[in-house]
Every structure is written in structure tokens, then in C-alpha cells.
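Take a look at the structure below.
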Amino acid sequence: MARQLALWAAILFAIALIAAAVAPPEREPQAPVFPAPGAGGAPAGTAIDGTLPASQPLVATVGSVVRLRIGEALGDHVVISGLGVRAPVGPGTTDLVEFVADSPGRWPVRLDPSGTQIGTVEVQG
């Protein structure tokens, strides 16, 4: 019985060695590569700064970086649904929201959960 157990252990060990030798080597993870902005977008480094609340829309072009300073926010989130932006503002935060304007249109900027509209971002294609 002990011989059979030793034989099975030796066979399993040999299979493990063969599997380790055949398995592909582990690769180091690589950083993701994102495509460069196309010629149709804004020039690299274009940034638009604005302060909200505001009565006039903040105008940006597709591909530009938009930086919004938010005032009068008491523990809310800024939401720009059409651009997929949701960021905390208020006590304990910098009240600065930064994103890339990637979809043309006129997008309302609201505070959540109150739903108060504090401005508009207009992205021109």
C-alpha cells in the first residue's frame, strides 16, 4: 500500500513538473494605451476654466479639458448626465471638477440629490 502511494505521489509530481515547464511565462502587466486625440478634436493641452453657479453657459470644444470650480455646494455631487460626469463637492473636497468634453451638445450641470441646476456646459463639435 505504501509503495502504491509513493508511486502515485511520484507520478503527480512528474505531471506537475511537466505542466510547469509547458506553461507560458508570466508577463508583467502593461499600462493601457489610449489612442491619441484625432485631428478633429481640440489641440492638445486646451483647457477651459469656469466657475459655477453661472447664468451663461461655459463653452468648450470636443476634446478640451474642462475645469469647473463649484461654489455654494453643501455636501452634494455635481452631475452632468450627458457627459457621464459625477463628482463630490462640498465640505471636505476641493470643489474642483475636471473632465474631458467628449460629446457635443448643451448639458445642464446639476447638484445631486437636490436637482438644482447651477449652470450649463456647451460642447461644440
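Here, each number is a calculation from the coordinates, and none is a lab measurement. Quick caveat, the model's predicted, so the values are computed rather than measured. Cβ sites come from the backbone with ideal geometry, for glycine too, and all protein chains shown count toward neighbours.
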### Summary
For segment 47-124, the Cα-Cα pair-distance distribution in 10 Å bins from 0, as whole percents, is 21, 59, 19, 0
### Task
Given the peptides 112-123, 15-26, 60-71, arrange them by the average over their residues of other C-beta atoms within 10 Å, most packed first.
60-71, 112-123, 15-26
